[in-house]
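The values are calculated or read from the model by the stated rules, or taken from the named source; none is laboratory data. Because the structure is a prediction, the values reported are computed rather than measured. Glycine also receives a Cβ, built like all others from the backbone with ideal geometry; neighbour counts cover every protein chain displayed. Keep in mind that these areas ignore ligands, DNA and RNA; they rest on the heavy atoms of the full protein, side chains included. Shrake-Rupley method; radii C 1.70, N 1.55, O 1.52, S 1.80 Å.
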Amino acid sequence: MKPIVNKALKLCFVISTSALLLSCSAKSPERTAEYAVQGLYSAALSQDGSAAVIGSIQHGGSYWTTALNDRRYNWNHAKGEYTSLTSVDIDPTNAFAATGSARTLVLWNTSNGHSAGFWNTPGDIKSLKLTNNGDFALVGLDDQTARYFDVKNGGIKQTFRTGAIVRSVAVTPDGALGLTGDDKHQVILWDTQTGKQKFLWRLSNRISTVALSADGKYAFGAAQLGNAKVWSTRTGKEVATVNTGDLERRQNTISQAVFSTNDGNLLVGGVNRRVSLRNISSGETVKEWDLYLKDTLRPTGASVLALAFGKDGRYYAIGSNGYLNVLE
């Protein structure tokens, strides 16, 4: 595979009080919906973008259907409180969701909204990902470990020691492979059955996000204000470099990434509200969008917190400002 390199971008000036310089090639969302007034701590989308879980700054957790923007359930970890949710996820089958606060992890049934398990964690949760049907969760913690939890029956199946805070995790739907990204600039691929490292890759700064393809063939990792790469999980070799440079030739932080179901494309989002569809084999940037800002004259920013490949050429993104964005 060839390295991913952005095409030269035509520039246009948009007159505003902040004199923003934007790319003319970046599109606006087709549709937006406000899911939180004061913004978000965390967000997750189902695999097809049909459902979302958010951790609101003001009103705790909630589960939504995106077609109708219907808030179906309110999810918090204690009665009478709005829990600050640091990480959330929806399993690949959309049957279960999980919410993580400082040191509690809750599994939820998405069909009735009821809790299916409540657990304490040995460290503060930084990131979590569920396997199929919510059977297991890989949880990244501030105690320099990632733990592989049996979230339905209780118990830690594996403890992966990284030597640094684990900021981001990913796991294959079948639970065979886990991926961690930490503050020692390490992206580590783990065998969840044996607990052993398969590969360790290093980037230029502490890791901002990691991702695995659904079939487990490819791993992705990005560094804060640094480089980003795709590797083969079979050979450990680098197969693509993702260009993280912005319009001013400075590196941008990729905050989220997701592989398409056929592994041909990678959808990435940054802290600068830009979402890009990248073709891995050709190295082309196929499409680009900028997330919606509530007040364009006084922009507060919108880091990309969640991404999904939808149906019929649609893509979904949730920004830290609390808005769902439907992209075409």
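Residues of the stretch 117-131 that are more than 26 Å from I207 (Cβ to Cβ) and either open to solvent by 50 Å² or more (accessible area, probe 1.4 Å) or touching a residue at least 40 places away in the same chain (Cβ under 8 Å) (or both): F118 alone. Of the strands (runs of 3 or more DSSP E) entirely within the stretch 1-49, those holding at least 3 residues that are at pLDDT below 95 occupy 11-13, 21-23.
Applying a threshold of 6 Å to beta carbon distances and a minimum spacing of six or more residues, or different chains, the list of pairs starting in the stretch 145-160 at a residue that is surrounded by 22 or more Cβ atoms within 10 Å (Cβ to Cβ) and ending at one that is part of a loop (DSSP other than H, G, I, E, B) reads Y148/T192. For the stretch 235-256, a tally of residues being in contact with a strand residue (DSSP E or B) (Cβ under 9 Å, 6 or more places away or on another chain) and either open to solvent by less than 30 Å² (accessible area, probe 1.4 Å) or not polar (S, T, N, Q) (or both) returns 15. Would you pick out the residues in the stretch 81-97 that are within 21 Å of V171 (Cβ to Cβ), of a type outside the set (D, E, K, R) and assigned to a loop (DSSP other than H, G, I, E, B)? Correct list: L85, T86, P92, T93, N94, A95.
Contact map, the stretch 305-328: first residue at positive phi, second residue assigned to a strand (DSSP E or B), Cβ cut-off under 8 Å, separation 6 or more or different chains; pairs are G322/E34; G322/L40; G322/I54; G322/S56. Taking the stretch 98-116 as the range and being in a loop (DSSP other than H, G, I, E, B) and closer than 17 Å to V151 by Cα as the test, the residues that pass are S101, A102, R103, T110, G113, H114.
For the stretch 50-80, a residue qualifies if it is under 17 Å from A302 (Cα atoms), open to solvent by less than 20 Å² (accessible area, probe 1.4 Å) and not in a strand (DSSP E or B), but none of them does. State which residue is farthest from the chain's Cα centre (by Cα) when the search covers only the stretch 81-91 and only residues that are over 11 Å from A43 (Cα atoms) and open to solvent by less than 40 Å² (accessible area, probe 1.4 Å). The extreme case among them is T83. Within the stretch 257-296, if we keep just the residues that are over 25 Å from T180 (Cβ atoms), among the small types (G, A, S) and in contact (Cβ under 8 Å) with a residue 40 or more places away in the chain, the residue that is surrounded by the most Cβ atoms within 10 Å (Cβ to Cβ) turns out to be G283. Is it fair to say S115 is at pLDDT 95 or above, of a type in the set (G, A, S) and either over 17 Å from the mean Cα position of the chain (by Cα) or under 24 Å from Y73 (Cβ atoms) (or both)? Judged against the criteria, S115 is a match.
Remark: pairs (first residue in the stretch 66-78, within 18 Å of I318 (Cα to Cα) and aliphatic (A, V, I, L, M); second residue open to solvent by 40 Å² or more (accessible area, probe 1.4 Å) and modelled with pLDDT of 95 or more; Cβ separation under 7 Å; 6+ apart in sequence or on different chains) = A67/S50.
Taking the stretch 92-116 as the range and being under 21 Å from I165 (Cβ atoms) and open to solvent by 40 Å² or more (accessible area, probe 1.4 Å) as the test, the residues that pass are A102, R103.
For the stretch 51-65, the set of residues classified as out of contact with any Ser or Thr (no Cβ under 6 Å at 6 or more places or on another chain), at pLDDT 95 or above and not aliphatic (A, V, I, L, M) consists of S56, S62, Y63, W64, T65, listed by residue number.
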